[in-house]
2 protein chains.
Amino acid sequence: MPSSLYYSLLLPDLRIMLDEHDDTGMAEFCKVLHPAVIAEVMEGLEPARTWEVLGHCDPAHQAEILQNFPLPYQIELVEAVERERLSRVIEEMSPDDRASLMRRMDREHVEQLMPLIAQAERADIRKLLSYPDDSAGAIMTTEYASLPGDITVAEALNRLRMQAPSRETIYVIYITDDERHLQGFLSLRKLIQARPTAILADVMDRDVLSVRVSDDQEFVANQIQKYDFIAIPVVDQHNRLVGIVTHDDAADILQEEATEDTQMLAAVQPLEDSYLGTPFFTLAHKRGIWLVILLGASSLTAHVLNYFEPDGSANWMILFMPLVLASGGNAGSQSATLIIRALALDETGGNVGTIAWRELRLGAFLGAILGLLAFGGGSLLVPWLRASVVGLTVFCVVTLGTITGSMLPLALKKLGADPALMSNPMIASLSDVTGVVVFYNIARWLLFA
Amino acid sequence: MPSSLYYSLLLPDLRIMLDEHDDTGMAEFCKVLHPAVIAEVMEGLEPARTWEVLGHCDPAHQAEILQNFPLPYQIELVEAVERERLSRVIEEMSPDDRASLMRRMDREHVEQLMPLIAQAERADIRKLLSYPDDSAGAIMTTEYASLPGDITVAEALNRLRMQAPSRETIYVIYITDDERHLQGFLSLRKLIQARPTAILADVMDRDVLSVRVSDDQEFVANQIQKYDFIAIPVVDQHNRLVGIVTHDDAADILQEEATEDTQMLAAVQPLEDSYLGTPFFTLAHKRGIWLVILLGASSLTAHVLNYFEPDGSANWMILFMPLVLASGGNAGSQSATLIIRALALDETGGNVGTIAWRELRLGAFLGAILGLLAFGGGSLLVPWLRASVVGLTVFCVVTLGTITGSMLPLALKKLGADPALMSNPMIASLSDVTGVVVFYNIARWLLFA
C-alpha cells in the first residue's frame, strides 16, 4: 500500500470512475498522468480492477504502467488476467523489466505464456532469463542504439531517428562491427556537434568502458555511478555487445542494495516490497526468524552465565538478564531501522496511526512467540515459575521495544530532527532500562505475590 | 586513501614520473584516463604533488579532475596552491561542484578568491552560495540547455549545437519565455525525431515536473529516481527556471544519504569521507562521542538495577552486566556497519591487514576511554577494586568487539557470503558471550587472586 499525496487524492476518484463505469474518465486518467504516478495510485486497487482501468489504453501504454509497479504487485497482476491479453502487454514491455518480472513468475506460468508471445520477443526473453540472478545480464536491456563505424554523421543521425522509438536510450550510441564486436561509442551530444560528412569511426571514442554479462549487478551499478554514465555496455566473453544497463536502473539497484544492507544489519530478512506494502505475516516472518536465531544466541549467554553462577545462587535472574534485554533491543532496532529507511525512501506518507497499530500487533505477536520460546528454554535452567517470569518479561519487552523503536524516529521527524538520530544502540539502551524495571516487577508479582 | 586496482597499479608509476620530472608521461597520464580514474589515483599523493601533475593540462581539464576528488581532499588541494592559479581552475568547474566546494571552504579564503574570479562566474557563485545547505538550490547547476518556444526544430538544433559545449546536459531542453518562466520541455530524443519545420511550442511537453529552489535535496533526488529523469528543473517562487539537478548528482545524494543513515543507525556520527579516507582521530571522535553517550545511558540501567538489587547483595556484578555487554556490542556494531557499507561502496579494496590493524588500535583507544569512564562511574556504586574490574572489562570487550565486528564481515565476504549476514544484533550476541567470560575471569583474577 503506497501512501503519497497522489495516492490519497486520486484513488477515491478512480474508485468512483470504476463504480460508475466512467470510460472517458479512466481513459483520461491513463493518458494525462505519468506512468509512475498512475502505478502509484492503482497499487491501492485489487488486481482485477487495475486491469479494468488499464483496458482503457493500448498495450504499449499498459506495459509502461505495468513496469512501474513494484514487483510483488506485478506478480499479483499477471496472475489476475487471461494469458492472451497478458502476452500482448508483455511483448510491449522493455526487455529488462520484462525479464525481471518473468524471473519472479511461476515457472509453469511462464511456459504457458511463451507460445503466445511473438517470436522475436520470445527469443529475447529466453536469452535474458538464461543469465544468473543479480548479474549484469539479468538487469540489462537489449534495446540499445548501435551503428556501424563506416557511415557518416548525417547518415548516423538518420538511422538513429528510426531506431529512436524502440530504444531505451539513444544518448549513447555504440559502434560495432558486423559481428557486434564493440569498437567504440559516441554520445548524442558529440554526434550532433560533429561535421555531418565525418565518418563515425573517426569521431567516436575508442576508449569504451564495458562490463561482462556475468559481472555482479552491484559492481555494474557502482561503475555507472562512479563515471556518471547514462549507460554502460554489456559484452559477452568475445567482447560482443549484448546489452546495456542504464543509469536509472543502476540507481534503483544501489537503492535496493542499500535498503537490503540496512535491513540485514538490523537483523531483518530483506523486504521485497516497501515497508507498508509488506503484508503483516511476511513482515512477522522476516523479523521473527532472526529474533529467534538471536534468542538462541542469547540463550548461549545464559548457559555461560549459569556456569559462572551455578544453580541455587540467590540471583537466578542474572542468568536471563542479557537475554531479556537483548530481545527488547533487537526488536526495537528492527522497527527503528525499517521506519528510518522507509522515511528516507519517502514510503511512509506520515501514516503514524497505521504504523503504530501495525507495530503494536507485530510486537505482541513476535513477543508471544519469543516469550514462549524463552519460557521453554528457561525451564531447562530454572524451575517453571521462574521460567514463566522470563517468558512474560520477554513478551513485554519485545512489545515495548517494537512500539518504542517505531515511534521514536517518527516523533523525531515530527520535531524536525533527523530520525536517524535514534540509533539502534540508543533504542537498545532505552529498552534496557525499561527491561530491567519490567523484569523485576514481573518477578516480584509472580514469585512473591 | 582509496584502494582500487587503478590506484595500486598506477600510483607507483606516477610517483616515478614525478621524481624523474617526466613531463611527457604526466601529460599523457592526464590526457588518456577518465577524470574519475585520475582523481582516484592522485588521491594518494600529497596535495602539492597533485598540483604538480595537474600543471600538465589546461585549467578546464584540471577543473574536471578536481571535481572528481572527494570533498575533503578538494579542500586540502585548494589550501595548497596559489590563489591566482586556483581562481582559473575554479572558473572552469561546473557550477554545482564549484558551489559545493566553496560551501565547505574557509569563508575568508573564499572572500580572498572572489575578486580574482571572472565577473560572470563570481555572480553565479554568489547566487548558488546564497541557497541553504541541502536544498535544491545548493546542489543544482545553472548550466542547463534552454530555448524559446517560438523557433523551429531545425533552428533549435542549430542553437543547441552552440550551447552544447558549456551545458551539463543537452538531453533535456527547457522551453522558457523572455522572463525565464518555465513553459515546457523537450527531450533531445524527441527533438531529433520532430519535423524540422515544426515550432517548439507545438511539439514540446507542457506537463513539466519541477522542484522549488528551497526543496530538500533528498526529496529532489527521490523525484528524479522515481520518474527515471535525466534531470529535473529547479524554479524560484515565480516559476522562473534557475537551474537543473542531474541524475548523476541525484544518485550521489541518495548514496550519501543511505550511508549517513546506516552509520547513524549504528551510532556513528556520519563520516564525511570514505572509511579508509577518514583519519584515525576523526574516526575515533565520530565513534567515541556516541559510545560515551551510550555508556551514560547504560549507567542509567546500572542505577536502576542498583535500586532493585541494593548494595551488599552477593551478586554486585549484575549491576554492571548490561553496561559491560552493551559497550562491547555497540563498538562491534559500529565496526561491522562501517565495514559492510564500505564493502558495498567498493571502498575497501581488500586491505584486510590495514583494516585489522586500524580497528585494533581504534578498539584499544576507545576501550581505554570507555574503560576509564566506566571505572569512574562504577566507583559511585561499588568499591574501587570492583569498579576497576568493570573498567578493565569494558576496555577488553570494546577492543574485542571492535576487532570482531570489523573482521567477521570481511571473513564472510572472503567466503563468498553476504557480509551483511553478520548483523549488528548478531555481533552483539557474540560479544555478549565473550563479555560474560571476560567479566567473570577478570573479577576472579582481581578480587580472589
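List of remarks:
- Screening segment B:201-236 for residues that are assigned to a loop (DSSP other than H, G, I, E, B) and over 19 Å from B:K127 (Cβ atoms) and picking the one that is farthest from the other protein chains (Cβ to nearest Cβ) gives B:M204.
- Odd one out for B:T282 among (1) more than 9 Å from chain A (Cβ to nearest Cβ); (2) assigned to a helix (DSSP H, G or I); (3) among the β-branched types (V, I, T); (4) surrounded by 21 or more Cβ atoms within 10 Å (Cβ to Cβ): (4)
- Remark: pairs (first residue in segment A:381-399, within 21 Å of A:E309 (Cα to Cα); second residue among the small types (G, A, S) and at pLDDT 95 or above; Cβ separation under 6 Å; 6+ apart in sequence or on different chains) = A:V390/A:A374; A:G391/A:G371; A:G391/A:A374.
- Here B:D215 qualifies as charged (D, E, K, R) and more than 24 Å from B:I75 (Cβ to Cβ).
- Meets criteria (modelled with pLDDT of 95 or more, surrounded by 24 or more Cβ atoms within 10 Å (Cβ to Cβ) and within 14 Å of chain B (Cβ to nearest Cβ)) for A:V390: no
- All positions within segment A:197-227 that are within 35 Å of the chain's Cα centre (by Cα) and charged (D, E, K, R): A:D207, A:R212, A:D215, A:D216, A:E218, A:K226
- The requirement of being more than 10 Å from chain B (Cβ to nearest Cβ), under 20 Å from B:S298 (Cβ atoms) and surrounded by 20 or more Cβ atoms within 10 Å (Cβ to Cβ) is not satisfied by A:L430.
- Some residue of segment B:350-357 being of a type in the set (G, A, S), modelled with pLDDT of 95 or more and more than 20 Å from the chain's Cα centre (by Cα): no
- In segment A:414-424, the residue that is farthest from B:R287 (Cα to Cα) out of those that are part of a loop (DSSP other than H, G, I, E, B) and facing another protein chain (nearest Cβ under 9 Å) is A:D418.
- Enumeration of residues in segment A:304-343 that are over 22 Å from A:V433 (Cα atoms), touching a residue at least 12 places away in the same chain (Cβ under 8 Å), out of contact with any Pro (no Cβ under 8 Å at 6 or more places or on another chain) and facing chain B (nearest Cβ under 9 Å): A:R341
- Condition check for B:A120: away from chain A (no Cβ under 14 Å) and without any contact (Cβ under 8 Å) to a residue 60 or more places away in the chain: yes
- Whenever a residue of segment B:250-276 is without any contact (Cβ under 8 Å) to a residue 24 or more places away in the chain, its partners that are among the acidic types (D, E), lying with C-beta atoms within less than 6 angstrom and at least six residues away or across chains, give the pairs B:P270/B:E260.
- Of B:D248, B:D273, all but one fail to be in a loop (DSSP other than H, G, I, E, B) and closer than 28 Å to B:Q74 by Cα; the exception is B:D273.
Conditions tested, residue by residue: (1) within 12 Å of chain A (Cβ to nearest Cβ); (2) more than 21 Å from A:I293 (Cα to Cα); (3) in a helix (DSSP H, G or I); (4) in contact with a Cys (Cβ under 9 Å, 6 or more places away or on another chain).
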residue: B:L408; (1), (2), (3), (4): no, no, yes, no
residue: B:L412; (1), (2), (3), (4): yes, no, yes, no
residue: B:M426; (1), (2), (3), (4): yes, no, yes, no
residue: B:V438; (1), (2), (3), (4): yes, yes, yes, yes
residue: B:R444; (1), (2), (3), (4): yes, yes, yes, no
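- Restricting attention to segment A:85-110, the residues that are in a helix (DSSP H, G or I), closer than 24 Å to A:A136 by Cα and charged (D, E, K, R) add up to 8.
- Criterion (over 24 Å from B:A302 (Cα atoms), in a helix (DSSP H, G or I) and out of contact with any strand residue (DSSP E or B) (no Cβ under 8 Å at 6 or more places or on another chain)) met by exactly one of A:L325, A:L343, A:L381, A:L400: A:L343
- Qualifying residue in segment B:253-272 (condition: surrounded by fewer than 17 Cβ atoms within 10 Å (Cβ to Cβ) and more than 12 Å from chain A (Cβ to nearest Cβ)): yes
- When residues of segment B:115-128 are limited to those that are part of a helix (DSSP H, G or I) and surrounded by 15 or more Cβ atoms within 10 Å (Cβ to Cβ), the one nearest to the chain's Cα centre (by Cα): B:L128
- Note on segment A:25-56: among residues that are surrounded by fewer than 18 Cβ atoms within 10 Å (Cβ to Cβ) and in contact with a Cys (Cβ under 8 Å, 6 or more places away or on another chain), the one that is modelled with the lowest pLDDT is A:K31.
- So A:V172, is it assigned by TED's automatic domain parsing to the domain that holds A:G149, of a type in the set (A, V, I, L, M), under 17 Å from A:A145 (Cβ atoms) and part of a loop (DSSP other than H, G, I, E, B): no
- For A:M162, the conditions (1) in contact (Cβ under 8 Å) with a residue 12 or more places away in the chain; (2) surrounded by fewer than 16 Cβ atoms within 10 Å (Cβ to Cβ) all hold with the exception of (1).
- Whichever residue in segment B:149-195 is within 22 Å of A:A194 (Cβ to Cβ) and of a type in the set (S, T, Y) and, among such residues, is nearest to the other protein chains (Cβ to nearest Cβ): B:Y171
The values are calculated or read from the model by the stated rules, or taken from the named source; none is laboratory data. Just so you know, these numbers come straight off a predicted model, no measurement behind them. Please note: Cβ atoms are built from the backbone with ideal geometry, for glycine as well, and neighbour counts cover all protein chains shown.
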